[in-house]
Amino acid sequence: MTGKDRSSEAFDPVGYAPDGKPRARGLGLPMPGVPGPLNAITDVEGVTVGFTTLRNDGGSVHTGVTAILPRAEGDLLHPVWAGVFSMNGNGEMTGAHWIRDAGWFTGPITITNTFSVGLAHHATLKWMAKRFLSLGEDLWALPVAAETYDGYLSDIAAFHVSEEHVLAAIDGARSGPVAEGCVGGGTGMIAYEFKGGTGTASRRAATRLGEHTVGVLVQANHGIRPWLTVCGKPVGDALPGRRCHTVERGSIIVIIATDAPLLPGQLERLARRASIGIGRGGTPSGNSSGDIFLAFSTANDPGPLPEPPALSFTAVSNDDLDALYLAVVEGVEEAVLNAMLAAETTTGKHGRVVEAIDVQKLKALALQ
């Protein structure tokens with residue numbers, strides 16, 4: 001199955017891309033949990049995603065920028081409560097030190113390639129300075145910019161990503177279904193030696209405060225073939241396709257969004273659970289991997305900076321966190337699969353080829 005005829009039925013974003021290509025659920029893989037209506041990070045109300053994709057198949061440009069806006073544009077100077085966790089630190093996520101201290105960040109999140117993370121940070125500040133021009137010299141921000149390495153397929157040292165590309169990704173952020181695979185910052189990425197990239201998923205989670213949504217977005221560029229596990233089955237060695245690495249050379253960035261009211265410490269605990277999600281896919285989080293995770297909540301909006309004299313919170317009880325933990329684990333596992341299923345065989349610099357995963361063979365192995 002490479003697609004599904006959508007001419008006579010409504011598009012189902014939970015299991016299928018707009019072009020009819022199956023996601024993990026559309027392929028029939030037994031993904032646990034209950035997803036939101038889009039099965040995407042944008043199921044969390046107010047969260048939007050934008051992309052700039054730079055790609056010339058057969059050439060040396062396979063890179064881009066992904067932007068995630070946690071609030072409406074006009075509210076991006078309202079602190080977003082957050083927590084971060086580094087499973088393996090061979091990578092970068094700016095703003096993490098302040099999140100660990102203060103428990104919040106402001107502004108868009110951007111994800112790109114390793115050599116462009118500084119430019120993404122700089123361009124995001126330019127975007128914020130223009131958007132909040134009325135603040136003038138009083139603007140303060142430490143935006144989150146993260147990266148994974150796409151230098152196997154893309155000429156990373158040519159610095160193809162520009163400020164304009166970052167600004168376009170932020171300006172293009174929208175709600176609704178989210179593109180996956182070879183898009184945005186995930187354009188040149190590799191997962192388990194198959195073409196990887198951008199993936200997303202969501203889950204519904206019930207607590208005594210009510211039902212909440214947890215959405216995740218990954219930039220999957222991690223793992224080697226023998227590690228790959230799908231639905232608990234070790235499938236990597238049985239899948240066809242040429243190999244491109246003998247040791248782990250990649251990374252994964254995970255962004256977790258939720259509308260559940262949580263304290264910063266609880267959000268850090270959510271971020272840690274992304275480790276279990278990627279572990280379900282088989283990776284031990286290798287030495288060369290930058291596996292860095294951010295979780296944020298759209299609840300408890302304190303209003304624009306500066307902080308008010310007193311902060312007040314409604315927060316889910318620690319005794320109710322298990323449902324949210326499970327939502328993160330399941331969502332991350334599925335988002336990585338969605339990234340790989342959406343990705344396309346890519347020929348990059350020096351004629352290097354990274355093949356898309358064999359969808360039919362994967363299904364057969366996972367369901368046997």
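The values are calculated or read from the model by the stated rules, or taken from the named source; none is laboratory data. The shown structure was predicted, so the numbers you read here are calculated from the model rather than taken from an experiment. As a convention, Cβ positions derive from the backbone with ideal geometry for all residues, glycine included, and neighbour counts pool all protein chains shown. Please note that ligands, DNA and RNA were not included when accessible areas were found on the heavy atoms of the full protein model with its side chains. Shrake-Rupley method; radii C 1.70, N 1.55, O 1.52, S 1.80 Å.
Kindly indicate whether R204 is open to solvent by 10 Å² or more (accessible area, probe 1.4 Å) and assigned to a loop (DSSP other than H, G, I, E, B). No; evaluated as a whole, the condition is false for this residue.
For the structure I just gave you, tell me whether T124 is in a helix (DSSP H, G or I), surrounded by 23 or more Cβ atoms within 10 Å (Cβ to Cβ) and touching a residue at least 40 places away in the same chain (Cβ under 8 Å). Considered against the rule, which asks whether it is in a helix (DSSP H, G or I), surrounded by 23 or more Cβ atoms within 10 Å (Cβ to Cβ) and touching a residue at least 40 places away in the same chain (Cβ under 8 Å), T124 comes out as yes. The number of residues in region 181-195 being open to solvent by less than 10 Å² (accessible area, probe 1.4 Å), within 20 Å of Y16 (Cα to Cα) and under 12 Å from the mean Cα position of the chain (by Cα) comes to 3. Among the residues of region 279-324, the ones that are open to solvent by 20 Å² or more (accessible area, probe 1.4 Å), farther than 22 Å from V144 by Cα and of a type in the set (A, V, I, L, M) come to 4 in all. G210 - would you say it is farther than 25 Å from A72 by Cβ and of a type in the set (G, A, S)? Considered against the rule, which asks whether it is farther than 25 Å from A72 by Cβ and of a type in the set (G, A, S), G210 comes out as no. The set of residues in region 49-75 that are within 16 Å of G351 (Cβ to Cβ) and crowded, with 24+ Cβ neighbours inside 10 Å contains only H62.
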